[in-house]
Every structure is written in structure tokens, then in C-alpha cells.
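What follows is a single structure, written as C-alpha cells, with notes after it.
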Amino acid sequence: MTFAPSLENTPPPAPKHVAIIMDGNGRWAKARGLPRFAGHQKGAKAVRAVVEGCQELGIGHLTLYAFSSENWKRPQAEVNDLMGLLRLYLKRELADLHRNNVRMQFIGDFDALQSDIQDLIESAQWKTRGNTALCLTIALNYGSHDEIVEACRKLARAVEAGTLRADAISEDLFRAELQTAGIPDPDLLIRTSGEQRLSNFLLWQAAYSELVFLDTLWPDFTKDHLAAAVREYQRRERRYGAASA
Ligand code: IPE
Ligand code: IPE
Ligand code: MG
């Protein structure tokens, strides 16, 4: 008699792609009587642990929402602080990320960013392009509406030029025009800070993501929170519209 491994004893697979809306920096600072900058600073530090956590859990893709296309509405001083922290993060962490075989990618509209930040993005992507352990995508001046409209424009131009028939536009063709082309859709999407909305993040890509909302404020987020969210994901049954198994 042979003992075939029972499927029931196999733990559900870890998500291949985790996306995170890192929210709550301002409230974290406010609760301590500190300026919002202190929350953003602590929030930037929390990113390191999450990157490590993903590698430990065997997660292949991590996408972080760092700055939305709507975040320009914040006071100029706060925008400057956020850009300054980003600059610091890219300069300080790149060598370590590269050493840890992390590939860095960015999505968003970079034209509005300062040119030295555009250069840092370019060099981080170039330097880490061959890395294979974790693909870290940072959404920077990103907004799904912008992304979707831009994809429409590209397809419309091809139709206008006569190189594409309107009827030939398919989900796959559309997907290929998004900034996330080549990146699998997120299996698990986490938002911290108790807010329960997507705030213009990965609207197309999150069609069937499992959503986990945590009350924890982003600067307090640790590997343990990540592991707990992954366990919650593993308890869910993904049906994609089909009947329950
Ligand atoms: C997330 O924290 C950081 C960014 C949006 C850049 P917030 O700054 O939104 O923090 P809260 O929501 O005000 O607490
Ligand atoms: C979403 O958080 C953007 C990022 C985390 C970068 P916000 O704090 O900007 O979202 P809203 O305004 O509460 O929806
Ligand atoms: Mg917020």
C-alpha cells in the first residue's frame, strides 16, 4: 500500500504577489504629538522589515503604494518631506536590496518628479534588473485612473494608425498596456490604518485580489503583521465566480 500525500494536509500556497497600501503615518505621528514627518520617517523604516518578510515567506512580488497621483493635494512641505524620504530610501537601501537579489521596479507617472529622483529610479531599475529573489514594485505618483486612461490612449492611437482593429482589443491586449505588464495580479492586497478603500490603487489588477484591512498604522507594521495577513489569505477560498468547492 502506498501513502500518497493527502491534499488536505498540504497548506494552501502563499500568495505570489502581495500589494500594500501603506497608510496611517500621519495618525501614528499625531498620536505621539509628533509632526507628520516623523510618521513618514518611521513608515519608511517599516518597509525594510516587510521586504525581508516577503523573502522569508517565499513571496515573489511585493508592490508598495508610496505616493498616489492625488497626494499632490497635500501641503507642499509634506510633499517635499515625502520626496526627500524617498530620495534617502533609494540612496540608502539600493545596495542592500541589490545584495539581497531584489529587483526594483516603479510604476506611476515620473514626469512630475524631480529629475534627480527620476535618475535614481532609472539607476535602481537598471542595477537590479537581473535580480530574481523578490520583485519590489514601488508605486510613485501612481493612480489607476491615469494608468487605465493612458492604456486606452495607446490602443486608440494604434487603431487610429490602422495597425489595430477595435474588435481585436482583448483583456490580454489591454493588460499588456498597463504599467504592471508582466507582473502577476496581486493575490493579497493589504491596507493598514483601518481605512477600507482602494484610493485609486491597482483597480484593474485587484479584480480578484483578497483584501485584508488591518487597524495597525503603517509605522507599526512588522513581519508578524505580514505573516498574519498571509495566514488570513490562506484561510480564504478564492472562487473567481465559480461555485464553492
Ligand atoms: C500614508 O500615510 C503615507 C502616504 C499617503 C504617502 P498618511 O500620510 O496618509 O497617514 P494618515 O492617513 O494621514 O494617517
Ligand atoms: C493612499 O493613502 C496612498 C498611499 C498610501 C500612498 P491616502 O492616505 O492618500 O488615501 P486617502 O486619501 O485616505 O483615500
Ligand atoms: Mg492616509
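The values are calculated or read from the model by the stated rules, or taken from the named source; none is laboratory data. Nothing here was measured: the structure is a model prediction, and the numbers come from that model. Don't worry about glycine lacking a Cβ; one is built from the backbone with ideal geometry, like all the others, and counts go over all protein chains shown. Just so you know, the surface numbers come from the protein's heavy atoms only, side chains and all, with ligands and any DNA or RNA stripped out. Shrake-Rupley method; radii C 1.70, N 1.55, O 1.52, S 1.80 Å.
Some notes on this structure:
- In sequence order, calculated HN-Hα J values of region 32-41 (Karplus, 6.51, -1.76, 1.60; Hz; x Gly/Pro): 9, x, 9, x, 4, 3, 4, x, 5, 5
- Length added when fully stretched, ASP119-THR222, from 0.36 nm per residue minus Cα-Cα: 34.1 nm
- Extension gain, SER199-LYS154: 0.36 nm per intervening residue step, less the Cα-Cα distance, totals 13.8 nm.
- On the chain, 52 percent of the accessible area sits on carbon and sulfur atoms, based on a 1.4 Å probe.
- ARG87 accessible area, assembled protein chains, probe 1.4 Å, Å²: 50 Å²
- Chain lengthening between GLU171 and ARG92 when straightened (0.36 nm per residue, less Cα-Cα): 24.5 nm
- Cross-link reach list, lysines versus LYS16, counting only Cα pairs under 22 Å and skipping chain neighbours closer than eight places: LYS223
- Taken over the C-alpha atoms, region 10-129 has Rg and Dmax values of 15.4, 51 angstrom.
- Exposure rank, largest accessible area first [ASP187, ASP215; 1.4 Å]: ASP215, ASP187
- Given R0 = 35 Å, the distance between the Cβ atoms of ARG236 and ALA161 translates into a calculated FRET efficiency of 0.20.
- Pairwise FRET efficiency - ALA181 versus LYS127, Cβ, R0 = 25 Å, nearest 0.05: 0.75
- Rounded, prolate or oblate (a/c below 1.5 giving rounded, otherwise prolate when a/b exceeds b/c) for region 194-245 by Cα gyration tensor: oblate
- Nearest-10 value in Å² for the accessible area of LEU85, using the 1.4 Å probe: 20 Å²
- Across the chain, Cα-Cα distances exceeding 33 Å account for 22% of all pairs.
- Theoretical FRET efficiency, 1/(1+(r/R0)^6), r = Cβ-Cβ of LEU211 and GLU56, R0 30 Å, to 0.05: 0.85
- Dividing the summed -39500 (n - 2.57) terms of all DSSP H runs of n ≥ 4 by the residue count of the chain sets its mean residue ellipticity at 222 nm at -13500 deg cm²/dmol.
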